Ligand SMILES: Cc1ncc(COP(=O)(O)O)c(C=O)c1O
């Protein structure tokens, strides 16, 4: 049987990983500034993480949500503590798309309304409602098309207020990434997020903070949306939550009340997933990884801005993007094959950095050196 060929892949086989590094089957070491798409939060194969999951697997790996799973309560407690949202309620699932799907569904149940506001260049996942709220017609199948999603320009307060004025009583939710990832590392203005909060309050709509990529400490705060100083009604999470173990979830403000069977899942919140998620939070706390993300992130952004010839640099904490000049458009490929550094990308010509939150200054310097060399090389190519 062949694999269903939906991914353009790099010809590299990773056989070992530790911290911010991975090794291929030839023994070559790579610096990982991509984290398998923002997933590796505490570093590859962290000993505490491996130990907690291994011990859990030997005890009980899975049972469904038909029984009490104290690990879920322990996770909710810890998550409340680390995120500062102890009065929220936790619903666990398995991925980012599923988290957003449940968030929008819950908003619709709660308000009895159908319309969702999303923004240009958004990415919220590939399941039916999540992909409908994603601004990329190429990945929206005919069956996913719906008139219930209203796309507005990102960071445009006037457009948002006008839309609410016209049809506020039909709006179930506004969904927004605190920092657009797939869209090219675009920060939501703090004032814009406050306007979302105000509109949702005025019209009884639900503010959904998609924190799947920008959340879980990556920005230096647990949720990047919280830089705006207002609370969302629902925060969706996945990626860094399990450091590679598939786990996602939403946390829900206390005024949104649950009803039996309104949401559900077979695998979500299983014992192994909870052990992985707990290990991540424990390491984040003991190793002060949010502080490190902020510190190394600021250092990287400042240094990248000083590299002559590089385009605009954007980001917060360890979610950073920069525009690659046309004459250096092969930079991502060159970083990988010449310098053995994994990075991410976004169209058009944006390099995305989504490393482990434990990235060291030394590894940041190695990357900066490689970028400087690439820019230099593209401006003054050496022909052999
Ligand atoms: C902001 C955002 N939301 C949702 C998703 C979907 O997450 P998943 O791939 O886990 O379904 C992604 C994935 O890239 C994302 O970046």
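The values are calculated or read from the model by the stated rules, or taken from the named source; none is laboratory data. Owing to the predicted nature of the structure, the values given are computational and were not obtained by experimental measurement. Here the Cβ is made from the backbone with ideal geometry for all residues, glycine too, and neighbour counts use every protein chain on show.
So, residue 206, is that one in contact with a strand residue (DSSP E or B) (Cβ under 7 Å, 6 or more places away or on another chain), farther than 30 Å from residue 47 by Cα and crowded, with 24+ Cβ neighbours inside 10 Å or not?
For residue 206, the condition - in contact with a strand residue (DSSP E or B) (Cβ under 7 Å, 6 or more places away or on another chain), farther than 30 Å from residue 47 by Cα and crowded, with 24+ Cβ neighbours inside 10 Å - is met.
When the residues of segment 180-192 are filtered to those that are closer than 17 Å to residue 133 by Cβ and touching a helix residue (DSSP H, G or I) at 6+ places or on another chain (Cβ under 9 Å), which remaining residue is surrounded by the fewest Cβ atoms within 10 Å (Cβ to Cβ)?
Filtering first and then ranking leaves 188.
When you scan segment 209-221, do you find a residue that is part of a strand (DSSP E or B) and either out of contact with any strand residue (DSSP E or B) (no Cβ under 7 Å at 6 or more places or on another chain) or touching a residue at least 24 places away in the same chain (Cβ under 8 Å) (or both), even just one?
Yes: one or more hits.
Restricting to segment 234-279, count the residues that are under 23 Å from residue 44 (Cα atoms) and more than 15 Å from the ligand (Cβ to nearest atom).
The total comes to 8.
Is it true that some residue in segment 19-36 is surrounded by fewer than 15 Cβ atoms within 10 Å (Cβ to Cβ), within 21 Å of the chain's Cα centre (by Cα) and either modelled with pLDDT under 95 or closer than 23 Å to residue 297 by Cβ (or both)?
No, segment 19-36 contains no residue that is surrounded by fewer than 15 Cβ atoms within 10 Å (Cβ to Cβ), within 21 Å of the chain's Cα centre (by Cα) and either modelled with pLDDT under 95 or closer than 23 Å to residue 297 by Cβ (or both).
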